[in-house]
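Below is one structure, written out as structure tokens; comments come after it.
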Amino acid sequence: MESLNVYSVLVVLFLTCGAAMSTKENDQIIKENNCETKIGLPCVLEAFTSIFEIGCISNKCCGELVVLGKVCHSAFVKRTLENPLLKDLSPATIIAKSIQTWNNCLALTDSPSPSA
């Protein structure tokens, strides 16, 4: 139960920081970190589907997501959440799925490869 409370606090903090950040600031973070050059379009689409819809992300794209980095990942998610076409989505749900996708990919890329 304690981990659920810690998780809830982290989500609230993440949302608060996200709400304070404008699209312009997210765009600046993306530009300054060359985020758009660090991940291919097919993997962007997989990550988007994994976070904003129902789907999973491949091992290959998990690797690209981790190379992209947490700062770029968060900026992309926050910028996408500000899109008026997605106004009906729950930011808390999206942030939770974003964190889950990031953590799953990070764990996957940190784990040793199975031996053949």
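Derivation of every value follows stated rules applied to the coordinates shown; laboratory data play no part. Predicted model only: the values in this text are computed from it and were never measured. We place every Cβ from the backbone using ideal geometry, glycine too, and count neighbours over all the protein chains shown.
The table below gives the values:
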{"item": "Estimated FRET transfer efficiency when R0 is 41 angstrom, pair Glu82-Asn59 (beta carbons, to 0.05)", "result": "0.85"}
{"item": "Likely footprinting exposure, Lys97, Lys70, Lys78, fewest C-beta neighbours within 10 Å first", "result": "Lys70, Lys97, Lys78"}
